[in-house]
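S.K.: Here's a structure for you.
The values are calculated or read from the model by the stated rules, or taken from the named source; none is laboratory data. Note that the coordinates shown come from a computational prediction; the quantities given were computed from them, not determined experimentally. Cβ coordinates were reconstructed from backbone atoms using ideal geometry, including for glycine residues, and neighbour counts include every protein chain displayed. Keep in mind that these areas ignore ligands, DNA and RNA; they rest on the heavy atoms of the full protein, side chains included. Shrake-Rupley method; radii C 1.70, N 1.55, O 1.52, S 1.80 Å.
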Amino acid sequence: MSEYLKNLVADVKAKNPSEPEFHQAVEEVVASLEVVLERHPEYMANKILERLVEPERVIMFRVPWVNDRGEVQINRGFRIQMNSAIGPYKGGLRFHPSVTLGILKFLAFEQVFKNSLTTLPMGGGKGGSDFDPKGKSDSEIMKFCQSFMTELFRHIGPNTDVPAGDIGVGGREIGYLFGQYKKLKNEFTGVLTGKGQNWGGSLIRPEATGFGVVYFTEEMLKTKGSSFEGKRVAVSGFGNVAWGVVQKVNELGGKVVTLSGPDGYIYDPDGVSGDKVNYMLTLRLSNKDAIEDYSTKYNVEFHAGKKPWEVKVDIAIPSATQNEIYPEDAEMLIKNGCQCVCEAANMPTTNEAVEVFQNAGILFAPGKAANAGGVAVSGLEMAQNSMRYGWTTEEVDNRLKMIMKDIHATCVNTAEKYGVPGDYVLGANIGGFIKVADSMLDQGVV
Ligand code: 2IT
């Protein structure tokens, strides 16, 4: 890394202490940009990177609510409005006890480049709360969502900032959040995406992240003359993203043999298919945040406290959360013959583990490219809302497929142009960066 970039990273660390995930995300992106800065001195002269690592606005607020026992509860709410150079802030809300300012800043930073890659006009943002949905009743979840939106509503809008779901926020939560927004503003607008079918939601949005990841992986496999047909796939997580991945892998002739939760992983040699796919939804709605029940219901192995990366597979699709593949996991996957790792979650692989995959010469794609199908269909939901019209399943799915092919081509072509063919990390980082950086130059020092 150049002196300039090293200093930039050191400054980010000094200015943002106790935010290791944000440091990690910044370090990964800027490490790819050295070649770009050499060819484009105007980015340095105009302090584009210094601006990109500083959120345009951070909103942090108290979320008070009353639980079923009548006790007052206080959570912390956030919205990071990271960058609006190419469109309104756009990105999900995460409700999970691990949520901190640093986690959301890493996610918002990633979102800027991801949204740029989708080809749609969306800036980057992220938000959420340290609220833990685990063990909460439906009415507690509703009360929490209403209180969260009672503050958030004044900071968002269909042309300002359009949140969606992420971990802990699905169709149910988006419904409660939308209801409260509409009540407070007296306006029916497309202020959130991931809405229900009957009230402005897009077809395919629930499946989009997972479907998009599999379309992207299929493109990667094609570059090696391979496909999903007959492949064994390790998936982590069991939420919305994993659910979409499983369906599409099955459709393309592959077999998903693992799922995981915070409690461990299940190994299902027959594959997660048929009824078992719907059971994943039941598990999520149970608010238990555990996978073990799958093993009792379907009589398969459960490995408590372990990660699925020790199973022999051809393809790995991490679909749970950040930092779940460390170098030792990466080495285990390679040793067992894994040929392709595609990130469905945001930053599930540590920077050191990415290096292990790249040094081994196997296919590896970062989440900001591979999982962009979710936010891409959110962008299509915004387009449909603006037209006050809805496309068919086939129309949305075809657009999603086209977008994922486009992102794949951007990664491949950019990597080649900058002299590192096959490096999807560099391709995605540079591909996402240039459009945002040029738009910032066009718009002056703001
Ligand atoms: O990480 C992500 O891209 C999301 N959680 C989806 C964001 C969105 O606005 O649909």
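S.K.: With a Förster radius of 45 Å, plug the Cβ-Cβ distance of K183 and E3 into 1/(1 + (r/R0)^6) and report the FRET value to the nearest 0.05.
M.R.: 0.25
S.K.: Classify the chain as rounded, prolate or oblate from the Cα gyration tensor: take a ≥ b ≥ c as the square roots of its eigenvalues, call it rounded if a/c is under 1.5, otherwise prolate when a/b beats b/c and oblate if not.
M.R.: Cα axes put the chain in the rounded bin.
S.K.: Can I ask one more? What number, in percent, do you get for the relative contact order of the range 169-221 if the mean sequence gap of Cα pairs under 8 Å and at least 6 apart is divided by its residue count?
M.R.: So the answer I get is 27 percent.
S.K.: If each DSSP helix of 4+ residues adds -39,500 (n - 2.57) and the sum is divided by the residues in the chain, what number results at 222 nm, nearest 500 deg cm²/dmol?
M.R.: -15000 deg cm²/dmol, from helical runs alone.
S.K.: Listed highest first by mean packing, meaning other Cβ atoms within 10 Å per residue, what order do 339-345, 221-227, 179-185 come in?
M.R.: 339-345, 179-185, 221-227
S.K.: Relative contact order of the chain, please, whole-number percent, based on alpha carbon pairs below 8 angstrom and at least 6 residues apart.
M.R.: 15 percent
S.K.: Hey, with R₀ at 35 Å, roughly what FRET efficiency would N287 and E328 work out to, going by the Cβ-Cβ distance, to 0.05?
M.R.: Rounded to the nearest 0.05, the efficiency is 0.65.
S.K.: Using only the Cα atoms of the range 296-414, what are the Rg and Dmax in Å?
M.R.: Over the range 296-414's Cα set, Rg and Dmax evaluate to 17.5, 52 Å.
S.K.: Would you work out the relative contact order for the range 349-446, in percent, from Cα pairs under 8 angstrom that are 6 or more residues apart?
M.R.: 26 percent
S.K.: Excluding I156 itself, what net charge comes from residues whose Cβ is under 13 Å from its Cβ, given Lys and Arg +1 and Asp and Glu -1?
M.R.: +4
S.K.: Using a Förster distance of 22 Å, how high is the FRET efficiency between M60 and D138, based on the Cβ-Cβ distance and rounded to 0.05?
M.R.: About 0.20, to the nearest 0.05.
S.K.: To continue, here is another question. Can you spot the aspartates and glutamates whose alpha carbon is less than 12 Å from K134's alpha carbon? Ignore those fewer than 8 places along the same chain.
M.R.: Cα-Cα hits under 12 Å: D289.
S.K.: Also, I was wondering about something else. How large is ³J(HN,Hα) for each residue in the range 289-295, as worked out from phi by the Karplus curve 6.51 cos²θ - 1.76 cosθ + 1.60 (θ = phi - 60°), to whole Hz, x for Gly and Pro?
M.R.: In residue order, the calculated couplings are 6, 8, 9, 3, 4, 4, 5 Hz.
S.K.: Which of M149, G127, M220 sits farthest toward the positive end of the charge dipole of the range 120-256, with +1 on the Cβ of Lys and Arg and -1 on the Cβ of Asp and Glu?
M.R.: With unit charges placed on the Cβ atoms, the residue in question is M220.
S.K.: Take the alpha carbon atoms of the range 196-229, find their center, do the same for the range 317-392, and report the distance between the two centers in whole angstrom.
M.R.: So the two Cα centres are separated by 12 Å.
S.K.: Whole number in Å², please: accessible area per residue of the chain, 1.4 Å probe, ligands, DNA and RNA not counted.
M.R.: Heavy-atom SASA per residue in the chain reads 40 Å².
S.K.: A further question follows. What does the charge dipole of the range 106-241 about its Cα centre add up to, to the nearest 20 debye, if the Cβ of each Lys and Arg holds +1 and the Cβ of each Asp and Glu holds -1?
M.R.: It comes to approximately 140 debye.
S.K.: Right, here's the next one. Multiply the residue separation of K405 and N299 by 0.36 nm, subtract the distance between their alpha-carbon atoms, and state the gained length in nm to one decimal.
M.R.: My answer for the length gained is 34.3 nm.
S.K.: Considering only F211, G379, P318, whose Cα is most displaced toward the positive end of the charge dipole of the chain, charges sitting on Cβ of Lys, Arg (+1) and Asp, Glu (-1)?
M.R.: G379
S.K.: Can you tell me the length gained on complete extension of the stretch A10 to V35, counting 0.36 nm per residue apart and subtracting the Cα distance?
M.R.: Stretched out fully, the A10 to V35 stretch lengthens by 7.0 nm.
S.K.: If you take the charge dipole of the chain about its Cα centre, with +1 on Lys and Arg Cβ and -1 on Asp and Glu Cβ, which of I407, G244, Q180 is farthest toward its positive end?
M.R.: Q180
S.K.: Let me ask something else. If you place +1 on the Cβ of every Lys and Arg and -1 on the Cβ of every Asp and Glu, how big does the dipole about the Cα centre of the chain come out, in debye to the nearest 20?
M.R.: I would put it at about 1120 debye.
S.K.: Which of the peptides 295-304, 26-35, 355-364 is most tightly packed, and how do the rest follow, judged by the mean count of other Cβ atoms within 10 Å per residue?
M.R.: 26-35, 355-364, 295-304
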